[in-house]
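Each value in this text was obtained by applying a stated rule to the coordinates, not by laboratory testing. Not measured: the values here are computed from a predicted model. Cβ placement follows ideal geometry from the backbone for every residue including glycine, while neighbour counts extend to all protein chains displayed.
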Amino acid sequence: MSDYILETSHLTKEFKGFTAVSDVNLSVRRGTIHALIGPNGAGKTTCFNLLTKFLEPTSGTIRFNGEDITREKPAEIARRGIIRSFQISAVFPYLTLLENVRLGLQRKLGTSYHFWRSERSLYRLNERARQLLAEVGLEKAADEMTVNLPYGSKRALEIATTLAMEPELMLLDEPTQGMGHEDVDRVTQLIKKVSRGRTILMVEHNMKVVGTIADRITVLQRGEVLAEGHYDEVSSNPQVMEAYMGTTEGQLEGAH
């Protein structure tokens, strides 16, 4: 089996004459945290949408575990174990934390759409749901209503529901967006913790987060790969500094 779980070759997406993603070659090594960064409008989220097939590429190929998945539908991609979280917290506010995670676990049971079944049929999932809540530090709040959670905890719950679907590759889209310092630090450490034995590709704007946990970084600008490498290489690259700050002086603020 290849060292690389996900590979794109010349991935391109055009919208009526505008090229959002251009000739992107991306290789995500198995068992690592790989960050996709870049200024606003760089094409990061479009890239995610292509990988999960919410958008069809104009040209290029996507390979997962060595197999060409370029023409597969979003549901087929998810069944392969490519599971994505979104910028906006996507949990059910009027279910408990336990019920939210249990919904993710239903995928393996194959009863997701069996609405006629008694809720009791799901009780056998409770133990695993509580284990996943413990993994993200929310086990004590298992029976609380999700709507009452602070924002950072909602993002932690979202990670738990993503883990419930047993991802081989987790795609995290701006996991710390809109958070205060304390929540950013908590979620950063949480991502690091749940990455053990898993592969994570994340879009992230916070360079401190990226510098703390990413094994490798790909920088996009105007839909093209501008630079790639470890944090120290990327953060001191004059082209990257110019893209972010319009200057070639100093160094990008990072983790110290």
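Shape verdict for the range 119-183, please, from the Cα gyration tensor: rounded (a/c under 1.5), prolate (a/b greater than b/c) or oblate.
Since a/c reaches 1.5 but b/c is at least a/b, the shape of the range 119-183 is classed as oblate.
Excluding residues fewer than 8 places away in the same chain, name every one of the lysines whose C-alpha is closer than 24 Å to that of K73.
In chain and number order, the partners are K13, K16, K44, K53, K108.
Name the residue from P74, I33, G43 whose Cα lies farthest towards the positive end of the charge dipole of the chain, charges +1 on Cβ of Lys and Arg and -1 on Cβ of Asp and Glu.
Ranked along the dipole, the leading option is P74.
Evaluate the chain: find the radius of gyration of its Cα atoms, find its Kirkwood radius, and give the ratio Rg to Rh.
With Rg and the Kirkwood Rh in hand, the quotient comes to 0.99.
Roughly how many debye, to the nearest 20, is the charge dipole of the chain about its Cα centre, given +1 on each Lys and Arg Cβ, -1 on each Asp and Glu Cβ, and no other charges?
1080
For the chain, what does the relative contact order come out to in percent, with C-alpha contacts under 8 Å and a separation of six or more?
26
How do 228-241, 196-209, 148-161 rank on mean C-beta neighbours within 10 Å, highest first?
Going from most to least packed, we get 148-161, 196-209, 228-241.
Can you tell me, using C-alpha contacts under 8 Å and at least 6 residues apart, the relative contact order of the range 149-225 as a whole percent?
33
Considering only DSSP beta bridges whose two residues both sit in the chain, what percent are antiparallel, to the nearest 5?
55
For the chain, what is the calculated [θ] at 222 nm in deg cm²/dmol (nearest 500), taking -39500 (n - 2.57) for each run of four or more DSSP H residues and dividing by its residue count?
-9500 deg cm²/dmol
Hey, which lysines would be in cross-link range of K154, C-alpha to C-alpha under 19 Å, not counting anything within fewer than 8 residues on its own chain?
List returned: K140, K192, K193.
Once the other residues with Cβ under 14 Å from the Cβ of T146 are scored (Lys, Arg +1; Asp, Glu -1), what is the net sum?
Taking every other residue near T146 into account, the sum is -1.
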